Amino acid sequence: CCCCCCCVSSGVSVRSLLCSPEIFVGHTASCSFEILGVTSPVIAWPLLNGFQWCSQMTLRESGNVSFTCPIPYVGVDQTLQVVLSNAFNNTIFPVGQVIPVSDTIAVSNNATVSVKWRPIKPMKSTNGRKVGMEWEPWFTKSNDKWWNIAEAVPTIGFYSSFNEGAIRQHAMWLMDSGVDFLVVDWTNNLWGKQHFSERGVYAQEIINATTFTLEVFKKMRSENFSTPTIVLLIALDNGPTEPQSCLQEEIDWIAANYLPLYSDLLFQWNNKPLLIVFDGGNAYNHSNPLHVDGWTLRFMASQLQNNPQMAAKGYWSWMDGIIDPIEVTQPGEANAEVVTATCAFFNSGGWFGKTAAGKRQGETFVEEMNSVVDGNASIVLISQWNEFNGQPEGASVYVDIYNATFGNDMEPTSPTECAYQRPTNTRCGGWGYRYLNLMFASSRMFKGLDKTSTVMQMSSPIGNSVYNMHEGAWVEVTWALMGKHATSFNILFNSTVVASTTSTSINIDISSGFAPGHCVVSVHALNATTFYPIGILSVDFEHEPQQPIPSTVSSSITLTRLS
């Protein structure tokens, strides 16, 4: 049935909600509904079993609306619903909460989805290589400002780090995309403290959220789901430096509270659980070493291309500021241990520095992972899943995250919904499922499971750009490859070949021979195939093609002729 269960005098209504009748757990339900009577912006909130779940949608006109929503629980009667509410937008962590009737404008009909169990197992590896992901548990009450300056809205909505559904969905996505372990960021826990017991409430909430995550992972494993393991990243000097004795107290607390309960959930390296200490300022006193019996200890810095002495000592990297990240070998060892890849990076000067590289519509990650796949490291650490934090507008230097382009978060996000707006933003929305799909493809290549695919991503033209076809006008088409190398390419405008090249960049003259209007610019790699469409609106591994498909990448633009 379809009905409007609740309307107001304005006449706004939502009806005809339809969703996928059956999916596998952790996969996305495709939904659509109709909204009528819109005269001013109204916010639509998806609900799962009566609780808010998945990204809100700001609607400015009547019509049909489509969205996708993953469901992390098994059950034959998982119920989705859409509620219209503008007042609920002031809620700090809307995911998992009930929308008060007093805040409700209209309610859709229910759509029931049968969610089936499926095996969730670690991605196989033919070469023993492992994939790690930097992951944040800091979406808590004392850290609630994070969502206020987030560059995009997560696909699952603005969640708390204490929301079980969010943790389950993260675990399922990460396992499906080939991630073996999470590097859980505790680097802010001890800023300038003299003792671990002096840690602030904000730090304790991060610790509690990590414990909550481990308990959710235990629960998932009891349901016969595999989960990632974790590595704790603690810090000596990420900000004000604390005494090494304070860090030792933290390590002792971890050993007493986590080793007895969660040893099977801790990532093992060299036959011991791995522990990482961030020491970006080279403050560690090696003459008075930490006591870490029972642990494999590694140190971490950042920007190893500028700190070769740290790389020489075996320090891992949070993020490097170059396309070809630095492979790190432990002293006395012959083989590279780890390399850190990212989908965007900055160097000196932050995101506005001359050497920074934004996401570039996936091209940065493809270039980095192409280097990593061809390299020798046993571990790739990916930076990062979910920071969603940066400096508010007005800072002198922008690091962490600036916006959806100049930031390296990879968790799936709404491709259309507005988050924190910068003056330089030209549109709302994030990156959809692009980086989840690229992680899946690159993990299979890194682990030796796919040696035949060619994956491409295109940095130019930027999607939805408008080009004026004046005399001498041209469109720059630039792309990068990952996997099996291809040497010849066709460039197509609306399915018509307009050029061929052996390079990965070409300028197309658009001053004549093209009609104004919508145009899909595509690059086809000749004699190359792939198993990965790299969709933005859909998850590739939910519908993985059984046969290879042509290697292609495209971007939609508008051609116009202005006087």
Could you identify the single residue in GLU151, GLU134 that is farther than 21 Å from ASP540 by Cα, among the charged types (D, E, K, R), under 19 Å from the mean Cα position of the chain (by Cα) and not in a strand (DSSP E or B)? GLU151
Mind listing whichever residues of segment 418-442 are open to solvent by 10 Å² or more (accessible area, probe 1.4 Å) and in contact with a helix residue (DSSP H, G or I) (Cβ under 6 Å, 6 or more places away or on another chain)? TYR420, ARG434, PHE440
SER383 vs (1) more than 12 Å from the chain's Cα centre (by Cα); (2) among the polar types (S, T, N, Q); (3) open to solvent by less than 40 Å² (accessible area, probe 1.4 Å): all pass except (1)
Checking ALA377 against (1) in contact with a Cys (Cβ under 6 Å, 6 or more places away or on another chain); (2) over 30 Å from ASN89 (Cβ atoms), the condition it does not meet: (1)
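Could you identify the single residue in ARG422, ARG434, ARG444 that is of a type in the set (Lys, Arg) and under 14 Å from the mean Cα position of the chain (by Cα)?
Testing whether each residue is of a type in the set (Lys, Arg) and under 14 Å from the mean Cα position of the chain (by Cα) leaves just ARG434.
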Of (1) open to solvent by 10 Å² or more (accessible area, probe 1.4 Å); (2) in contact (Cβ under 8 Å) with a residue 60 or more places away in the chain, GLU250 satisfies every one except (1)
Options SER102, SER114: the member that is at pLDDT below 95 and surrounded by fewer than 20 Cβ atoms within 10 Å (Cβ to Cβ): SER102
Under the condition of being open to solvent by less than 10 Å² (accessible area, probe 1.4 Å) and more than 20 Å from VAL399 (Cα to Cα), which residue from segment 337-361 is nearest to the chain's Cα centre (by Cα)? VAL339
Which residue is farthest from the chain's Cα centre (by Cα), if the candidates are limited to segment 265-282 and must be under 16 Å from LEU233 (Cβ atoms) and in a loop (DSSP other than H, G, I, E, B)? GLY281
Condition test on LEU290, is it aliphatic (A, V, I, L, M), open to solvent by less than 20 Å² (accessible area, probe 1.4 Å) and not in a strand (DSSP E or B)? yes
Which ones in segment 160-196 are closer than 20 Å to ASN437 by Cβ, open to solvent by 10 Å² or more (accessible area, probe 1.4 Å) and touching a strand residue (DSSP E or B) at 6+ places or on another chain (Cβ under 6 Å)? ASP180
Mind checking which pairs have a first residue in segment 491-506 that is under 16 Å from MET456 (Cβ atoms) and open to solvent by 30 Å² or more (accessible area, probe 1.4 Å) and a second that is among the β-branched types (Val, Ile, Thr) and part of a loop (DSSP other than H, G, I, E, B), Cβ under 6 Å, 6 or more apart or different chains? THR502/THR487
Testing TYR262 on (1) out of contact with any Leu (no Cβ under 6 Å at 6 or more places or on another chain); (2) in a helix (DSSP H, G or I), one condition comes back false. Which one is that? (1)
Go through the residues of segment 69-76 one by one and say whether even a single one is over 17 Å from SER414 (Cβ atoms), open to solvent by 40 Å² or more (accessible area, probe 1.4 Å) and under 26 Å from the mean Cα position of the chain (by Cα). yes
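Among the listed residues TRP191, TRP186, identify the single one that is touching a helix residue (DSSP H, G or I) at 6+ places or on another chain (Cβ under 9 Å) and modelled with pLDDT under 95. Quick ask: steps written out before the conclusion?
Values: TRP186 fails: modelled with pLDDT under 95.
Every option except TRP191 fails the conditions.
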Pairs only if they're at least six apart or on different chains, beta carbon under 8 angstrom, first in segment 352-366 and among the acidic types (Asp, Glu), second open to solvent by less than 30 Å² (accessible area, probe 1.4 Å) and assigned to a helix (DSSP H, G or I); list them, first residue then second. none
Give me the residue from segment 221-238 that is more than 17 Å from ILE120 (Cβ to Cβ) and under 25 Å from the mean Cα position of the chain (by Cα) and, out of that set, most open to solvent (accessible area, probe 1.4 Å). ASN238
Within segment 290-331, residues being among the charged types (D, E, K, R), more than 22 Å from PHE365 (Cα to Cα) and touching a strand residue (DSSP E or B) at 6+ places or on another chain (Cβ under 9 Å) number 2
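The values are calculated or read from the model by the stated rules, or taken from the named source; none is laboratory data. This one's a predicted model, so the numbers in the text were calculated from it and none came from an experiment. Note: ideal-geometry Cβ built from the backbone for every residue, glycine included; neighbour counts use all protein chains shown. Ligands, DNA and RNA are excluded from the accessible area calculation, which covers all protein heavy atoms including side chains. Shrake-Rupley method; radii C 1.70, N 1.55, O 1.52, S 1.80 Å.
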